[in-house]
There are 2 protein chains.
Amino acid sequence: MINVMKKITQNSDAKIYPMPFTRIELVVMSVVNDCLSVLLGKREQAPYAGLWALPGGVVRIDLDANLEASAQRVAQERLAIQMPYLRQQCAVGGVSRDPRAPWAVSIVYRALSRAEEFNPTAGKRLDALRWCPVDEAMADNYLAFDHQQLIAQAVAATRSEIDRLELPFGFLPEQFTLGELQTACEIMLGRRLDKSSFRRRIDERALIEPIEGEMRIGSFRPAQLFCQKAQT
Amino acid sequence: MINVMKKITQNSDAKIYPMPFTRIELVVMSVVNDCLSVLLGKREQAPYAGLWALPGGVVRIDLDANLEASAQRVAQERLAIQMPYLRQQCAVGGVSRDPRAPWAVSIVYRALSRAEEFNPTAGKRLDALRWCPVDEAMADNYLAFDHQQLIAQAVAATRSEIDRLELPFGFLPEQFTLGELQTACEIMLGRRLDKSSFRRRIDERALIEPIEGEMRIGSFRPAQLFCQKAQT
DNA sequence: GTTGTTAGTTGCATCACACCACTAACTATA
DNA sequence: TATAGTTAGTGGTGTGATGCAACTAACAAC
């Protein structure tokens, strides 16, 4: 820390400025039980002890190469998962944002993931974690800090991406049918989509390709299986 | 500073984490001489002394209520202007981002402004400031730090907004004709627009309204003057 | 075989927009 | 006074993306 201050002192103003307490917050979303849900952790300590909050962690300048790496480390430590499709959402910060420090900044990242890939028993510092339907998380005073607002932003940004069909996202399994893909999009958007338009738009964008000969066989007519197209 | 560290120590981990050197950078754009331009300041000190860079400043947790207020203060101090339509663009940060500190974060804000409103002689710490055409700023090694990339991002985001006709922006004067508005949009987008489509789209969105009886009289046929519609 | 359900396709209406052509209003100049 | 030149403003038409609806196909269950 001494070293840090020395460096900062070299700034043109030749003053020492205290720096904000800087954290990462993660908005990890998934479709669970036909509901768009968000991953929440139960707070064990003050402030907001007992309330649910987004998982997050401190930016460690001794460990992380950059902000994205911070977010990946936090995901690994707190959730024990890799987050391949992490997107930076915003930075929020100010006085009285976090009672633990006089001034705090949070860099917020969002991602979609597959709930099935998530193993809530691993990882260090894993207090209670749960998938919470976003509708529930939007209830007043359910969440700590301003996390309700952050989730609302993340949901809006995600819906906008899905509206524009900016696949692929982390929520896609290896293989899937068009019906499954459409249902997942409908749940995330919160509204129904037209089958024929959806299919037309999907293959115009050429983001996925059929797996020749592979079909999903279930109760009714078999469906063609698809996978993500290799990025060009 | 002692106080800050004490507070941070109250964190659950009971450790002192050094925090990143946190700054604000401003990407202020305007149309100058029929060119989309960006406001740059000449660096007087190391690092990158003599090179041009985005104006910016340190986040002052003793002065600023939040990040937006930081950005406003930096704009006031370095540029002596208010920036009514400031939008947060991104946060970038990591090791070796800024030689003045081992780990630095910049919160980047962008805005459009009217060059005419800008008075480059006022303000404290005003080293040389100039409007630089973005094409010029995109030349290799012209700018300090990663500011070339930040400007490219800001231009892209701004163009996307104008594409969607998300007016009003800070670049609009009190009164303007549709022709002037279209020309400004064309310069910012870097391409021509169709007159009739532009007008139809503008009045579908109902963002501006004619000023009854007010016309711009010049060399040719008089043109209706418009102003921004009061926000609802 | 009949029914029910999902898979997958096709045709048509609609809407937003680009492209093009036109009229209107003014100045400048002959 | 007439004509040319320039910008302001409007209207028509084709096209492409999408929503809507109807259709066929393929399977399981009965």
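The values are calculated or read from the model by the stated rules, or taken from the named source; none is laboratory data. Because the structure is predicted, anything quoted here is derived from the model rather than measured. Reconstructed Cβ throughout: ideal geometry from the backbone, glycine too, with neighbour counts over all protein chains shown. When the accessible area is computed, the model is the full protein with side chains, heavy atoms only, and any ligands, DNA or RNA have been set aside. Shrake-Rupley method; radii C 1.70, N 1.55, O 1.52, S 1.80 Å.
Could you tell me the relative contact order of chain B? Use alpha-carbon pairs under 8 Å, at least six residues apart, and round to a whole percent. The partial results should precede the final answer.
Working: 351 pairs, mean separation 46.2, N = 232.
It comes to 20 percent, rounded to a whole number.
So for chain B, taking the charge dipole from beta-carbon charges (+1 Lys/Arg, -1 Asp/Glu), which of B:185, B:19, B:215 sits furthest toward the positive end?
So the residue furthest toward the plus end is B:19.
Please find, in a Gaussian network model of chain A (springs between Cα atoms separated by less than 10 Å), the residue of A:218, A:179, A:190 whose mean-square fluctuation is greatest.
Largest GNM mean-square fluctuation: A:218.
Which FRET efficiency value, to the nearest 0.05, is calculated for residue A:175 and residue B:217 with the Förster distance at 51 angstrom and r the Cβ-Cβ distance? If you can, show how the numbers build up before the last one.
Numbers: r = 68 Å, r/R0 = 1.33.
Taking R0 as 51 Å, the efficiency between residue A:175 and residue B:217 is 0.15.
Please work out the FRET efficiency for the pair residue A:35 and residue B:166, using the Cβ-Cβ distance as r and a Förster radius of 22 Å; give the result to the nearest 0.05. Spell out each step's value before the answer.
On the way: r = 31 Å, r/R0 = 1.43.
Computed FRET efficiency for residue A:35 and residue B:166: 0.10.
Just tell me which aspartates and glutamates come within less than 14 Å, Cα to Cα, of residue A:229; anything on the same chain fewer than 8 places away is out.
Cross-link targets: A:166, A:174, A:203, A:204, A:209, A:212.
Counting only residues 5 or more places away or on other chains, whose amide H sits under 5 Å from the amide H of residue B:176 once H atoms are built in the peptide plane?
Distant-sequence amide H within range of residue B:176: B:226.
Could you size up the charge dipole of region B:2-162 around its Cα centre, putting +1 on the beta carbon of Lys and Arg and -1 on that of Asp and Glu, and report it in debye to the nearest 20?
Details: 18 positive and 17 negative charges, 119 e Å.
I would put it at about 580 debye.
Would you check the accessible area of residue A:229, probe 1.4 Å, heavy atoms only, in square angstrom rounded to 10?
80
Choose one of B:36, A:162, A:61: the residue whose Cα lies farthest towards the positive end of the charge dipole of the protein assembly as shown (beta-carbon charges +1 Lys, Arg; -1 Asp, Glu; about the Cα centre).
A:61
Students often get this wrong: which residues of region A:124-168 have the backbone nitrogen under 13 Å from the point 7 angstrom along Cα-to-C-beta of residue A:46?
Answer for this model: none.
Kindly give the distances from residue A:42 to its copy-mates, label point to label point, with each label point 7 Å from Cα along Cα→Cβ, as nm values to one decimal ordered shortest first.
For residue A:42, the other copies' label points sit at 6.3 nm, shortest first.
Pick from B:36, B:172, B:26 the residue whose mean-square fluctuation is largest in a GNM of chain B, springs joining Cα atoms under 10 Å.
The residue with the greatest mean-square fluctuation here is B:172.
Using alpha-carbon pairs under 8 Å, 6+ residues apart, how would you state the relative contact order of region A:84-198 in percent? It would help to have the intermediate numbers written out before the result.
Details: 84 pairs, mean separation 25.9, N = 115.
Computed value for region A:84-198: 22 percent relative contact order.
Can you give the relative contact order of region A:173-228 as a percent, counting alpha carbon pairs under 8 Å and 6+ residues apart? Mind dumping the intermediate values first?
On the way: 50 pairs, mean separation 24.3, N = 56.
Rounded, it is 43 percent for region A:173-228.
Ignoring everything except DSSP H segments at least 4 long, calculate the 222 nm mean residue ellipticity for the protein assembly as shown; use -39,500 (n - 2.57) per segment, divide by total residues, nearest 500. All intermediate terms of the calculation are to be shown ahead of the outcome.
Working: 12 runs with 130 residues, N = 464.
Rounded to the nearest 500, the figure is -8500 deg cm²/dmol.
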